[in-house]
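One structure is given here, and the rest of the page talks about it.
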Amino acid sequence: MDKLGVAIIGCGSIHNVHADAVTGSKLSHLVCVADIQRDKAYTSAQNYNCKWYTDYIDAIKDDAVDVVHICTPHYLHAEMAVQALLAGKHVLIEKPVSIHIKEAEEIIDAREKSRRYVGVCFQNRFNKTSQKAKEMIDSGVVGAVKGVKGIVTWFRDEDYYTKSGWRGRFATEGGGVLINQSIHTIDLMQWLGGGVEAVRGSVSTHLLGNVIEVEDTAHATLFFNNGARGVFYATNCYTTNSPVEIEIDCEKAKLRLYDEKLYVEQDGYCNCIANENGGETSYKSYWGKSHADLIQRFYNGILNEDLGSIISVEEAMESIKIIDAIYKSSSTGNLIHI
Ligand SMILES: NC(=O)c1ccc[n+]([C@@H]2O[C@H](COP(=O)([O-])OP(=O)(O)OC[C@H]3O[C@@H](n4cnc5c(N)ncnc54)[C@H](O)[C@@H]3O)[C@@H](O)[C@H]2O)c1
């Protein structure tokens, strides 16, 4: 196989990030795009010089397609992933892997039957800062993790929800600030901290309760497998999108990820030891800059049969389990084991 043939399903806001990465990679070429909105599919096909469909089934059945990228509303992820796998294609799914745990398990079943690869877009794991923090924790140089803090204070207005049709509804988005905006932070917290075994948390809607049925604010205490404790707060009710803050309190040092930088606090000194090197991005800054890297690693994983370069469904499910536990804890007041 010379280059992987790619189909992108969904030509909305994240679409160009994927299409630019596919067309910019030496390992792939864009065969086709699909969107139920004809004008979006057509415009993308004109921009990227590829075929276009309005029925995603036609895209996954296209013989020239090896890999399908799923960039659609959350409620469609599992169904589309299963269909693409059963058609013999590899699948890259935008976050969240699915809305419900059961759907993620269905993707795993289809993956096992089809013997194809599935990856999930948690691109922030591949930020230089996240990679360096993970390396320092795993090597033991900063000692055991004692605590993990994650703070997301962002802004989403009425237009954001009303213009999209699928956002703000449990059936189609699957939740609010938890499953959409702060899922990257939840994933990084559990990945860096070493896995979460129990959660006590609460969700609420502070603004736009007349527009959305999902939560715009959530907080939780996370109990990690290794005995560490985490605190998490996320809201869409701020007035701007502030940089996300993640702090890992380790025995010998404190690691702080903030505004594209990694700081290490040790013996009274604070040093910045990694940063994303600034640089312009034509996309929304809070999407980060690592989509192309993740996509390249996914293709390398497929071509070299190397699972290590791929964020698996199982790994991506951890964040879904934590979110599910926060909802259950919020409605019962109980500590929920994962
Ligand atoms: N990784 C990140 O940082 C990041 C950033 C933004 C969005 N996302 C994720 O990407 C996905 C898409 O988000 P978005 O902001 O681009 O949404 P969007 O609403 O802008 O685009 C979704 C597109 O899917 C199309 N669509 C809907 N039903 C379809 C169907 N049955 N067949 C084909 N196309 C269909 C819509 O017409 C629309 O063009 C979501 O899962 C979102 O959470 C991830």
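Rule-based calculations on the coordinates, nothing more; no lab input. No experiment lies behind these values; they were computed from the predicted model shown. Reconstructed Cβ throughout: ideal geometry from the backbone, glycine too, with neighbour counts over all protein chains shown.
Data overview
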| read-out | value |
| --- | --- |
| Descending principal axes extents, segment 4-121, alpha-carbon based, whole Å | 37, 25, 22 |
| Mean ellipticity per residue at 222 nm, deg cm²/dmol - from DSSP H runs of n ≥ 4 across the chain, formula -39500 (n - 2.57) | -10000 deg cm²/dmol |
| Choice from Pro243, Pro96, Pro73 with maximal GNM fluctuation in the chain (Cα, 10 Å cutoff) | Pro243 |
| Most mobile of His15, His206, His90 in a GNM of the chain (Cα contacts under 10 Å) | His206 |
| Rounded, prolate or oblate (a/c below 1.5 giving rounded, otherwise prolate when a/b exceeds b/c) for segment 199-290 by Cα gyration tensor | oblate |
| Lysines whose Cα lies under 19 Å from that of Lys102, excluding same-chain neighbours fewer than 8 positions away | Lys113, Lys321, Lys328 |
| Estimated dipole of the chain in Debye, rounded to 20 [Cβ of Lys and Arg +1, of Asp and Glu -1, Cα centre] | 200 debye |
| Leading residue at positive end of dipole, the chain (Cβ point charges), from Leu307, Ile36, Ala78 | Leu307 |
| Top of Ile57, Ile248, Ile302 by mean-square fluctuation, Gaussian network on the chain, Cα under 10 Å | Ile57 |
| Packing rank of 283-295, 180-192, 264-276, where each peptide gets the mean count of other beta carbons within 10 Å, highest leading | 180-192, 283-295, 264-276 |
| Dipole of the chain, positive end: most advanced residue of Asn47, Met136, Ile107 [Cβ charges, Cα centre] | Met136 |
| Overall form of segment 3-70 per C-alpha gyration tensor (a/c, 1.5; a/b vs b/c) | oblate |
| Nearest-20 debye value, segment 219-338 charge dipole, Cβ charges on Lys, Arg, Asp, Glu | 340 debye |
